[in-house]
1. Cα convex hull of segment 344-429: how many Å³ per residue?
2. From the convex hull of the Cα coordinates of segment 228-281, what is the mean projected area in square nanometres?
3. Between segment 424-445 and segment 24-79, how many Å separate their Cα centres?
4. If you average over every viewing direction, what projected area does the convex hull of the Cα atoms of segment 146-196 give, in nm²?
5. Pairing the Cα long axis of helix 337-346 with the longest principal axis of the chain, what angle in degrees results, from 0 to 90 and rounded to the nearest 10?
6. Measure nothing but the geometry: give the 0 to 90° angle between the long axis through the Cα atoms of 304-315 and the longest principal axis through the Cα atoms of the chain, rounded to 10°.
7. Rounded to the nearest 0.05, what FRET efficiency do residue 116 and residue 73 have when you use their Cβ-Cβ distance and R0 = 41 Å?
8. Taking square-rooted eigenvalues a ≥ b ≥ c of the alpha carbon gyration tensor, is segment 78-198 rounded, prolate or oblate, where a/c under 1.5 means rounded and, failing that, a/b exceeding b/c means prolate?
Ligand SMILES: Cc1cc2nc3c(=O)[nH]c(=O)nc-3n(C[C@H](O)[C@H](O)[C@H](O)COP(=O)(O)O)c2cc1C
């Protein structure tokens, strides 16, 4: 088996997807406003040789539940939520290798300022930036930026394709690698003949500009994405170097991985691309007994209302209209297939209720949760990879930063003992660490195939 990849999954808010657990006496996630909290976390993750810290983000409030933001506000369900980009320079300054996957939606910002912000972060982190490309799923986000409703699903991906075309041109084509001379003697900072004006006139975006930032270590940040629909997978096959899946069962994840890889190969991508990370929450302690005691302790802090608030936002179903004792099968719709699958796979004979779904999702969200001793957990991780073909895990927390500390102190040494995990970081940028093939996107990637018309020679 090749090396298992690990990302930490977090968000610039309390409890992220561990509903109610901000009340746990050892949980520190309510300190999310302090830089110290984040720099401590970054150091912990680097000690565990994590590939990256992946920061989720939404630009709206979860107001599907009860058709109001009240439950989200009461429970701290991903609100208040601060901008994740602001955290990265500070975390980069106390680490040398840890990568940062920044979630940014392309639905509410023109690509031009966004491209410069990412170039800036890539400079300041010395090439450790990734971008989780999202289009958003909350109507509240659309409304807060002057739209009536969210753009329809497939159309969001069509817009995303055009957006990618613009940022690729800015990152990859606007500045030649040797454009910046810093020639003090001749008094020339940049050779103007090596900076190219980008003129884009696409279906959704147009621009006539030169990129404002000089080439950063990776130029294009490492591209992450998480679409599981047919259109989402098509987008991922074209653009993504890493994909997050939230599959709750091995069957669901294995199917997604197979079709994703097949589609990527068809698009001419290298064999090992995209890397796939499966959502997982690990609750561990030195012995099985202690691990389950910890799990039961955590469960005593769960907020069912908080969990249903998040689930309502993710699925579009207003769970406040059901009783906790209502059986789930009456509520089944397309959006919630995977959550249902997770429950039935774990216990096929049982009819699950809304309350049980809430308690299940309150720790682990739409992914799986493994509870056990380090050897039991690593057995399960190995088995999961074996059965699904994923490359690694996107590790959510129950109690922060305790869950990550447990993984670093107990799981990482066991993975290393079995030869399944790196003993040291590879040198260089995040892209080089993940793929070992240099800092820039490979020539086979869509971004590198974006050609400028020959008339757009130089910026002058
Ligand atoms: C692990 C994981 C993390 C995600 N994080 C975010 C996020 O931070 N912000 C966001 O708007 N969407 C996020 N999404 C949602 C995806 O971007 C996407 O909208 C969703 O997977 C549905 O895509 P599909 O309709 O193509 O299946 C995440 C999805 C997964 C599986």
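1. Numbers: hull volume 11.7 nm³, N = 86.
Value for segment 344-429: 136 Å³ per residue.
2. On the way: hull surface 13.6 nm².
Seen from a random direction, the Cα hull of segment 228-281 projects 3.4 nm² on average.
3. 29
4. Directional mean of the projected Cα hull area for segment 146-196 stands at 5.6 nm².
5. Value to nearest ten degrees: 50.
6. 40
7. The formula returns an efficiency of 0.75 here.
8. oblate
Rule-based calculations on the coordinates, nothing more; no lab input. Because the structure is a prediction, the values reported are computed rather than measured. Quick reminder, even Gly has a Cβ in these numbers, built from the backbone with ideal geometry, and neighbours come from all protein chains shown.
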